[in-house]
Amino acid sequence: MRKDSFNMTKNGKIVGYWIWETEVNEKEIILKDISVLFNIIQEEFVLKMDKKNLVSKMVDMKMKGSNFSLDVAIQRKSSLDLKGNFSINNGNLTEKKIDTTYTSRVILRPEIFGLIHTITDPTKLDEKINTFFLSSALAYEMKLMYAGDEVVTVPAGTFDCHKVTFRSGIKNVVSNIIYISKQFPKRIVKVEVVDQPLIIELVKL
């Protein structure tokens with residue numbers, strides 16, 4: 001099992017943390033996430049992925065804010081189907097169900113962050129990816145693209161990194177700049193949230 005810990009900062013001030021765990025067994029890749037913005041939002045999820053075909057089998061996510069909560073349960077058999085139950089409570093409980101078969105492959109957004117460090121050659125990245133966002137239950141076309149190399153210093157140290165952008169052309173869809181260490185074992189070192197002063201930096205290996 002691998003566990004990476006990050007700080008979230010705004011304008012140099014720590015405003016939250018992110019803990020990402022990866023566990024691999026004979027049949028599954030299990031991704032676990034705890035993401036907290038102090039006094040604003042807390043998110044936790046478990047994602048289980050079939051190791052052979054790299055398709056998510058299930059996701060269980062819980063998100064809580066000061067005046068709302070969101071529970072998500074997703075089941076998949078392939079990269080084309082998605083069954084999900086979404087329970088949103090912001091004073092009134094709203095239930096939403098999805099049972100969809102897509103015409104092309106759809107990736108869950110956490111899969112990108114869970115597997116991006118395993119890409120053999122990030123310098124060749126230039127892909128359009130239909131990406132499903134758990135928090136909104138909507139899919140958007142995102143572009144994953146190599147954007148150069150950069151030396152990055154974070155609390156965990158200094159790393160020679162590949163810089164990758166993960167962007168949408170749609171306003172209000174979260175886009176990121178992701179820095180992946182070149183040295184083994186590769187890992188996410190830093191994430192910038194585009195158009196926001198929010199930076200996520202590795203603090204503990």
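The values are calculated or read from the model by the stated rules, or taken from the named source; none is laboratory data. These figures come from a predicted structure and were not determined experimentally. Quick reminder, even Gly has a Cβ in these numbers, built from the backbone with ideal geometry, and neighbours come from all protein chains shown. These area figures cover heavy atoms from the full protein model, side chains too; ligands, DNA and RNA do not enter into them. Shrake-Rupley method; radii C 1.70, N 1.55, O 1.52, S 1.80 Å.
Put SER66, SER181, SER135 in order of accessible area, largest first, 1.4 Å probe: what do you get?
SER66, SER135, SER181
Mind listing which GluC sites (Glu not before Pro) in the range 19-65 are in a DSSP loop and have 10 or fewer other Cβ atoms within 10 Å?
Numbers: sites: GLU21, GLU23, GLU26, GLU28, GLU43, GLU44; in loops: GLU26.
Of the GluC sites (Glu not before Pro), the ones in loops of the range 19-65 whose Cβ has at most 10 other Cβ atoms within 10 Å are GLU26.
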Give the label of the value calculated from the structure for semi-axes √(5λ) of the Cα gyration tensor in Å, choosing from (i) 24, 19, 18; (ii) 29, 24, 15; (iii) 26, 21, 17. (iii)
Helical mean residue ellipticity (222 nm; -39500 (n - 2.57) per DSSP H run of 4+; nearest 500) of the chain: -1000 deg cm²/dmol
Cross-link list LYS13/LYS204; LYS182/LYS204; LYS10/LYS124; LYS64/LYS96: which exceed 21 angstrom alpha carbon to alpha carbon? LYS10/LYS124
How large is the charge dipole for the chain, taken about the Cα centre, if only the Cβ atoms of Lys, Arg (+1) and Asp, Glu (-1) carry charge, to the nearest 20 debye? 140
Using Cα positions and a limit of under 19 Å, work out the lysines in reach of LYS171, with same-chain residues fewer than 8 apart set aside. LYS128, LYS143
With every protein chain kept in place and ligands, DNA and RNA left out, what is the accessible area per residue of the chain? Probe 1.4 Å, answer in Å². 55
Name the longest site-free stretch of the chain, where the excluded sites are chymotrypsin sites (Phe, Trp or Tyr not before Pro) in a DSSP loop with no more than 14 other beta-carbon atoms within 10 Å. 103-205
